[in-house]
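Heads up: the structure comes next, in structure tokens.
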Amino acid sequence: MADVSGLTIAAVERDTGLSKDTLRVWERRYGFPKPLRDPSGERLYAADDVERLRLIKRLLDQGHRPGKVVGTAPAELLRLLEAHTPRTAAALPGSAECAALIDLLKLHRSDELRAMLSQTLLKFGLQRFVAEIVAPLNRHVGEAWLRGEIAVMEEHLYTELIQNTLRAAINAHAARGTRPRVLLTTFPDEEHTLGLLMAEAMLVPEGAHCISLGTQTPLSDIRMAAASGSFDIVALSFSSAYPVRQAVDGLLSLRDRLAGEVGIWAGGAGICGRQRSLPGIRVIAEIDDTLAALRDWHNAHLNS
């Protein structure tokens with residue numbers, strides 16, 4: 001029997017974030033991927049198929065349906081991804097720090113990565129660290145994963161270290177602000193917390209009083225918490241994996257349930273560019289826009 005090589009299904013699951021069950025279902029339903037078999041009958045996946053699976057996973061995270069992308073040629077997958085990937089300037093503040101941090105991530109040097117994050121935070125200050133380091137790093141890490149330069153495990157390591165760094169920095173602001181009172185959370189099925197932490201890190205140094213409910217809070221609970229806590233603003237984060245229509249419908253429903261004087265801010269890749277569909281809701285396009293939204297709130301409520 002000829003020698004057969006490739007990645008096992010367990011290795012593909014770790015590399016792409018696609019479960020073994022999903023891979024088997026796609027094989028039956030769409031005819032892709034098409035693994036070879038080793039002498040014992042175990043599936044082995046070619047490198048080209050694994051690269052294509054990475055592209056498909058990224059598109060699924062952006063809201064595409066499996067039936068629309070699993071059978072699509074790699075060139076078209078790349079075109080779809082490029083249409084959704086924000087363009088960044090070649091040279092940005094903190095670009096050298098970003099490159100160094102990604103190098104440490106690829107080498108799994110978590111202690112050095114943690115130390116460099118702390119040093120960069122001290123150098124830039126909390127708000128600049130979020131806007132000029134964390135925001136571009138999120139994009140670079142996502143693109144590196146897409147190119148196969150980092151694995152899912154490394155992406156998870158990055159997220160955990162960033163979250164821990166931001167939580168420690170936020171907690172260091174011992175004196176809580178007064179107004180606005182901001183309630184931070186996500187809708188059900190949205191598990192990503194990084195966007196909430198980034199928003200809180202921008203607001204706390206400005207004197208906002210932020211309370212986080214964590215993730216996946218039902219709309220009825222958000223309404224009750226906003227009313228009982230006398231919050232001025234409810235801020236929600238939507239990752240690129242969250243379905244856009246579900247986000248829009250949920251936000252409009254929440255707007256109807258909340259008192260008119262309670263503002264709703266929505267940010268993240270999953271809701272970017274949807275302002276026209278969301279009357280009465282402030283869409284935060286970039287993390288820097290959080291400060292502009294805060295200034296507008298002060299102008300409307302404290303200087304009148």
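Within the stretch 4-24, can you find the residues that are assigned to a helix (DSSP H, G or I) and out of contact with any helix residue (DSSP H, G or I) (no Cβ under 9 Å at 6 or more places or on another chain)? Matches in the stretch 4-24: Asp21 only.
Just need a number here: residues in the stretch 51-74 that are in a helix (DSSP H, G or I) and under 23 Å from the mean Cα position of the chain (by Cα).
Of the residues in the stretch 51-74, 14 are in a helix (DSSP H, G or I) and under 23 Å from the mean Cα position of the chain (by Cα).
Among the residues of the stretch 242-262, just one is outside any helix (DSSP H, G or I) and surrounded by 23 or more Cβ atoms within 10 Å (Cβ to Cβ), namely Tyr242. Among the residues making up the stretch 153-185, a single one is at pLDDT below 95, β-branched (Val, Ile, Thr) and outside any helix (DSSP H, G or I): Thr178.
Results for (1) surrounded by fewer than 21 Cβ atoms within 10 Å (Cβ to Cβ); (2) among the aromatic types (Phe, Trp, Tyr), shown as yes or no for each residue.
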site: Thr178; (1), (2): yes, no
site: His192; (1), (2): yes, no
site: Glu200; (1), (2): no, no
site: Ser220; (1), (2): yes, no
site: Arg223; (1), (2): yes, no
site: Phe231; (1), (2): no, yes
site: Ala235; (1), (2): no, no
site: Ser240; (1), (2): yes, no
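Answer with yes or no whether Gln119 is modelled with pLDDT of 90 or more, out of contact with any Gly (no Cβ under 8 Å at 6 or more places or on another chain) and surrounded by 13 or more Cβ atoms within 10 Å (Cβ to Cβ). The answer is no for Gln119.
Go through the residues of the stretch 282-290 one by one and say whether even a single one is within 24 Å of Leu60 (Cα to Cα), in contact (Cβ under 8 Å) with a residue 40 or more places away in the chain and assigned to a strand (DSSP E or B).
Yes, the conditions are met somewhere in the stretch 282-290.
Is it true that Leu294 is closer than 21 Å to Ile170 by Cβ and either assigned by TED's automatic domain parsing to the domain that holds Arg167 or buried (at least 17 other Cβ atoms within 10 Å of the Cβ) (or both)? Yes.
Conditions (1) within 16 Å of Glu155 (Cβ to Cβ); (2) surrounded by 14 or more Cβ atoms within 10 Å (Cβ to Cβ); (3) at pLDDT below 85, marked per residue:
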site: Val4; (1), (2), (3): no, no, yes
site: Leu7; (1), (2), (3): no, yes, no
site: Ala10; (1), (2), (3): no, no, no
site: Gly17; (1), (2), (3): yes, yes, yes
site: Lys20; (1), (2), (3): no, no, no
site: Pro35; (1), (2), (3): no, yes, no
site: Asp38; (1), (2), (3): no, yes, no
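Within the stretch 263-291, the set of residues being surrounded by fewer than 14 Cβ atoms within 10 Å (Cβ to Cβ) and in contact with a helix residue (DSSP H, G or I) (Cβ under 6 Å, 6 or more places away or on another chain) comprises Gly280 only.
The values are calculated or read from the model by the stated rules, or taken from the named source; none is laboratory data. Remember, it's a predicted structure, so these values are computed and weren't measured experimentally. Cβ coordinates were reconstructed from backbone atoms using ideal geometry, including for glycine residues, and neighbour counts include every protein chain displayed.
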